Amino acid sequence: MKDKMDENIISKEVLAVIRSKYGQIFAAEQRVADFVLAYPGETVNCNVSQLAKASGVSDATVVRMCRHLGYTGYYQFRITLSRDLGKEEQAKELLLQDQGNLSRIFNEYVKTVVDIGKSLDEAVLRKCIALLKTAETVYVLGIGNASNLSQYMGFRLERLGIRSVYDHVPEYMINHINLAKEDAVLLAISKSGISKPVIRGIELAKDRGMKVVSITAVLDSPVAEMADCLLLTSVEEPPFSVKASYTYLNEIVVMEALLEYFEKLINANNKERNRPEIVLAEYKI
């Protein structure tokens, strides 16, 4: 069966697409479709591996079903299903905005930060810091929405005296990792835990004998499973939505905690480390 991409697929409702093309997909794929039709709310909160397990098939079967239905892959399928199911949530958000309840929004932020703080294991944080501190070089890999985080993290590590390599272009980072020494460390950032370039980067780093520190929101994901040291950015996996896929408050909180803890442990009040700030002072009034 050849994949047929429907350019107008995202304008259609996912459940309607499944019903109309159900007879055109393979039996194993129909098992996935049956689960989606029966439990669309649960489906939208599943990553590829979770949906595959729930349907009793392989990850590849889930992806093939999505492509045979006309989607580019599972992510587009999931985003579109989330949109279909999100009309009620959008109505609630509009109601909240109408009420002008700004304090409630900030209270939710505070609760999120506190919950993350309670869930972080200090021993794990110390292990991550030890790996980064003793690394010959730290390669910071974050792609797409997370690329800005990788740039910021690399910059901050260098200000703490840790030699770092970071770039928003995946091909550049893969080249850098391929030339890395065994005592280097890869710091991988992927909220979803399923970013292909990040996964490939981790696989290459492992082949080079490097240790991997992962920052992700999803415990049941390749980026988490391949980590030597894992910093989880969610107390519990939140309901999937388009907004949730590009909101990085949790990841920023965990990164800042790591950096703050790091600075306290290594006593970063050092003339050499602070020299860049003195040099750049001329750019400020």
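Regarding T216, is this residue within 22 Å of L51 (Cα to Cα) and of a type in the set (V, I, T)? Yes; evaluated as a whole, the condition is true for this residue.
Select from the range 151-168 the residues that are polar (S, T, N, Q) and not in a helix (DSSP H, G or I) and list them in ascending order.
If the condition is that a residue be polar (S, T, N, Q) and not in a helix (DSSP H, G or I), then S164 is the only one that fits.
Condition first: under 24 Å from Y74 (Cβ atoms) and at pLDDT 95 or above. Can you find one or more residues in the range 232-239 that meet it? Within the range 232-239 (the criterion being under 24 Å from Y74 (Cβ atoms) and at pLDDT 95 or above), the answer is no, since none of the residues qualifies.
Yes or no, residue by residue, for (1) among the charged types (D, E, K, R); (2) surrounded by 15 or more Cβ atoms within 10 Å (Cβ to Cβ); (3) at pLDDT 90 or above:
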| site | (1), (2), (3) |
| --- | --- |
| L51 | no, yes, yes |
| A54 | no, yes, yes |
| A60 | no, no, yes |
| G70 | no, yes, yes |
| A91 | no, no, no |
| N101 | no, no, no |
| F106 | no, no, no |
| L125 | no, yes, yes |
| V138 | no, yes, yes |
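The values are calculated or read from the model by the stated rules, or taken from the named source; none is laboratory data. No experiment lies behind these values; they were computed from the predicted model shown. Counting neighbours? That spans all protein chains shown, and the Cβs are built from the backbone with ideal geometry, glycine included.
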